[in-house]
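No lab work stands behind these numbers, since they all come straight from the coordinates. In this text the structure is predicted, and so the values were computed from the model without any measurement. As a convention, Cβ positions derive from the backbone with ideal geometry for all residues, glycine included, and neighbour counts pool all protein chains shown.
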Amino acid sequence: MPKPITVLCADDHPLMREAIASTIRQQADMILVAAAGNGDEAIIAYRQHKPDVTLMDLQMPVMNGILATEAIIREFPLARIVILTTFSGDIQATRALRVGAMGYLLKGTLRMDLIATIRRVHTGQHYIPPQIAQEIASHVGDNELSLRELEVLRNAALGGSNKAVAEVLGLSEDTVKGHMRNVLAKLGATDRMGAVMIAIRRGYLEG
C-alpha cells in the first residue's frame, strides 16, 4: 500500500475542523495527523508532524493564516499549504500565493473541492478557484493600498470624517485627504462608500 497523504488542519472553528476530519477519514489514501486552532498552534504542529499537506484557515486568532504560512515556509521551504477562506476577493489570495501557499480554497466549496485539491497539491500542483484566478488576473498591475491608506479607509468605513480620522491616526486633516484621494484612485472608486464596497469585495476589509 502506498504511504497515505498526511494532513494538518488549522482552523479556529471546532465544527469546521471536525467536518474536515470526517471528510479525510473517509479517504483510504489520507490521514489527519494533527489539528490546530490558531496560527501559533499550526506552526508547532507542523514542526512536530511535518505533514504532506496543511490546510490553513485565513482568519484565526493569535496569528492569521498568511503569517503562519509565511513562518512555516520560511522554516520548511517545501511545505505544501492550502489556504481556506470565506473571502473570494483577489487581495488575500495574492498575498497567500506571494508567501508560498500552493492552494486557495473557498470554504463554501470544500465539499466539492477539498479532497481533489489535497491530492493535487500533494503532487506539487497549485490550485486556485477559477473565479479567484479571474479576479487576480483582472487586477494585475494594480497598486495595492498601503498600510496607512488601509488604516484611513478602515476608519472612514466606520463613518469618521477626515477630521475624525486624522485625530484617531495622529495625522493632519490634509494628510488624510491625500491618502483618501490615493485610495479612490487605486480602487477606481468615485466616493468613500464606493471605495469601502470595492475594498470589501476585493478582500481588503471584512464585510
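What the table below lists for this structure:
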quantity	calculated
Efficiency of FRET between Ser161 and Ile44 - r from beta-carbon atoms, R0 41 angstrom, step 0.05	0.35
Theoretical gain in end-to-end length, Ile31 to Lys3 [0.36 nm per residue, Cα-Cα removed]	9.1 nm
Peptide ranges 70-76, 107-113, 117-123 listed from the most packed, as the mean C-beta count within 10 angstrom indicates	117-123, 70-76, 107-113
Charge dipole (debye, nearest 20) of segment 1-160; +1 at Cβ of Lys and Arg, -1 at Cβ of Asp and Glu	480 debye
Cα-based radius of gyration of segment 147-202 once divided by 2.2 N^0.38 Å, which approximates compact folds	1.00
Share of Cα-Cα pairs in the chain lying beyond 31 Å, as whole percent	28 percent
Environment charge of Gln125, counting only residues whose C-beta is closer than 11 Å and scoring Lys/Arg +1, Asp/Glu -1	+3
Protection-proxy order for peptides 36-49, 130-143, 164-177, each taking the mean of Cβ atoms within 10 Å per residue, highest first	36-49, 164-177, 130-143
Paramagnetic reach from Leu67 in segment 90-127 [backbone N under 14 Å; point 7 Å along Cα→Cβ]	none
For the chain, calculated [θ]222 nm from helices alone, where every DSSP H run of n ≥ 4 adds -39500 (n - 2.57)	-16500 deg cm²/dmol
Extension gain (nm, one decimal) between Asp191 and Met112, 0.36 nm per residue minus Cα-Cα	24.6 nm
Extension gain (nm, one decimal) between Ile136 and Asp174, 0.36 nm per residue minus Cα-Cα	10.4 nm
Cα convex hull volume per residue for segment 90-156 (Å³)	109 Å³
